[in-house]
Amino acid sequence: MADRERRRVLAEFLRSRRERISPETAGLPTGPRRRTPGLRREEVAALSGVSVTWYTWMEQARDITVSRQVVESLARVLRLSPAEARHLAALAGHAPPGPAPVPDGGPALQRLVDALDPHPAYAVAPNWDLLAWNRAEAGLIGDPAGWADPVPNLLRRVFTHPPVRTLLVDWPDQARTLLEQYRAHADRHPGHAAFEELTAELCARSEEFRGWWGRHDVAEFRPTRRRFAHPRLGLLTFDYVKLAAVDAPGVTVVSCLPSDEGTAARLPELTRGP
């Protein structure tokens with residue numbers, strides 16, 4: 001079942017990338033009126049050096065082996081970003097899918113994020129379940145212990161809790177980036193309940209999530225700067241850094257470093273509660 005689901009995700013990803021490439025971008029003449037957006041299957045096949053039948057089988061999720069050479073050729077023709085190319089390789093079976101979500105990060109992770117106070121920090125699973133957080137993080141986003149979720153989940157909070165849209169400056173950009181990072185993990189674990197159930201819930205509850213999910217965009221984490229319109233402390237700006245927890249595969253620790261003197265000066269206030 002997992003292999004069949006992986007082939008289905010691969011087919012959908014290829015189709016979504018093919019449909020966004022215009023003939024002009026690929027160096028092809030526009031020709032007569034086209035019935036489908038983007039490139040045709042036969043055009044992708046010709047540009048990639050594979051037969052139309054072979055490429056069609058890939059988009060039909062047939063049980064075939066896709067060579068690394070074909071993956072690299074497709075990534076070139078479809079103008080994939082480095083993150084998308086690595087994602088394609090993983091879906092085609094040429095890269096490890098990465099660890100599945102873990103139910104518990106362990107007490108050591110909680111001690112680690114506690115030690116990072118007054119810098120906000122948290123530990124998160126690949127499906128964005130929050131496994132540990134410190135007082136500063138609770139002061140920044142609200143204490144996850146008080147959320148209604150059985151297991152606090154950062155992605156669910158971002159897409160279904162209206163006050164977060166005010167808290168996060170440029171909410172659409174930040175929310176979409178989180179979704180794309182989540183999708184990269186979810187696509188590599190087809191059929192896994194931790195992803196399937198959360199995805200179905202968010203597609204039902206959030207119009208934005210549903211629309212962006214249909215685009216099949218993926219992204220990898222990179223150091224980034226995020227701004228918060230904190231209701232008590234005003235504008236706070238942080239640079240996010242991610243660390244892998246070697247003794248807890250699949251878990252990452254994210255630390256928020258103040259990016260300006262004003263934010264640094266107000267850090268102690270985050271740990272003092274509302």
Legend entry - segment 183-225, residues that are β-branched (Val, Ile, Thr) and either surrounded by 15 or more Cβ atoms within 10 Å (Cβ to Cβ) or under 12 Å from the mean Cα position of the chain (by Cα) (or both): 199, 218
Legend entry - helices (runs of 4 or more DSSP H) wholly inside segment 120-188 that include at least 1 residues being under 25 Å from residue 266 (Cβ atoms) and either out of contact with any helix residue (DSSP H, G or I) (no Cβ under 8 Å at 6 or more places or on another chain) or of a type in the set (Asp, Glu) (or both): 135-141, 163-167, 171-187
Inset, instruction - Collect the residues in segment 158-173 that are crowded, with 19+ Cβ neighbours inside 10 Å and either more than 18 Å from residue 236 (Cβ to Cβ) or not hydrophobic (A, V, I, L, M, F, W, C) (or both), keeping them in residue-number order. - result: 159
Inset, instruction - May I ask you to list pairs of residues, at least six apart or on different chains, whose Cβ atoms are under 6 Å apart, with the first in segment 256-267 being in the same structural domain as residue 234 (by TED's automatic domain parsing) and closer than 26 Å to residue 123 by Cβ and the second being among the hydrophobic types (A, V, I, L, M, F, W, C) and in a helix (DSSP H, G or I)? - result: 258/264
Inset, instruction - Only one of these is in contact with a strand residue (DSSP E or B) (Cβ under 7 Å, 6 or more places away or on another chain) and either buried (at least 22 other Cβ atoms within 10 Å of the Cβ) or outside the structural domain of residue 234 (by TED's automatic domain parsing) (or both): 131, 116. Name it. - result: 131
Legend entry - Flag if residue 81 is within 21 Å of residue 177 (Cα to Cα) and either modelled with pLDDT under 90 or in contact with a helix residue (DSSP H, G or I) (Cβ under 8 Å, 6 or more places away or on another chain) (or both): yes
Inset, instruction - Of the conditions (1) in contact with a strand residue (DSSP E or B) (Cβ under 9 Å, 6 or more places away or on another chain); (2) of a type in the set (Gly, Ala, Ser); (3) free of Cβ contacts under 8 Å to residues at least 12 places away in the same chain, residue 248 clears all except one; give me its number. - result: (3)
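Every residue, every condition in (1) among the acidic types (Asp, Glu); (2) within 30 Å of residue 272 (Cα to Cα); (3) without any contact (Cβ under 8 Å) to a residue 12 or more places away in the chain; (4) not in a loop (DSSP other than H, G, I, E, B), yes or no:
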position: 190; (1), (2), (3), (4): no, no, no, no
position: 196; (1), (2), (3), (4): yes, no, yes, yes
position: 200; (1), (2), (3), (4): no, no, yes, yes
position: 209; (1), (2), (3), (4): no, no, no, yes
position: 215; (1), (2), (3), (4): no, no, no, no
position: 220; (1), (2), (3), (4): yes, no, no, no
position: 226; (1), (2), (3), (4): no, yes, no, yes
position: 238; (1), (2), (3), (4): no, yes, no, yes
Inset, instruction - Just need a number here: residues in segment 1-22 that are of a type outside the set (D, E, K, R), at pLDDT 85 or above and touching a Pro at 6+ places or on another chain (Cβ under 8 Å). - result: 1
Inset, instruction - Test residue 263 against the stated conditions and say whether it is touching an Asp or Glu at 6+ places or on another chain (Cβ under 7 Å) and modelled with pLDDT of 95 or more. - result: no
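The values are calculated or read from the model by the stated rules, or taken from the named source; none is laboratory data. Everything numeric here is computed off the predicted structure, so don't read it as measured data. Note: ideal-geometry Cβ built from the backbone for every residue, glycine included; neighbour counts use all protein chains shown.
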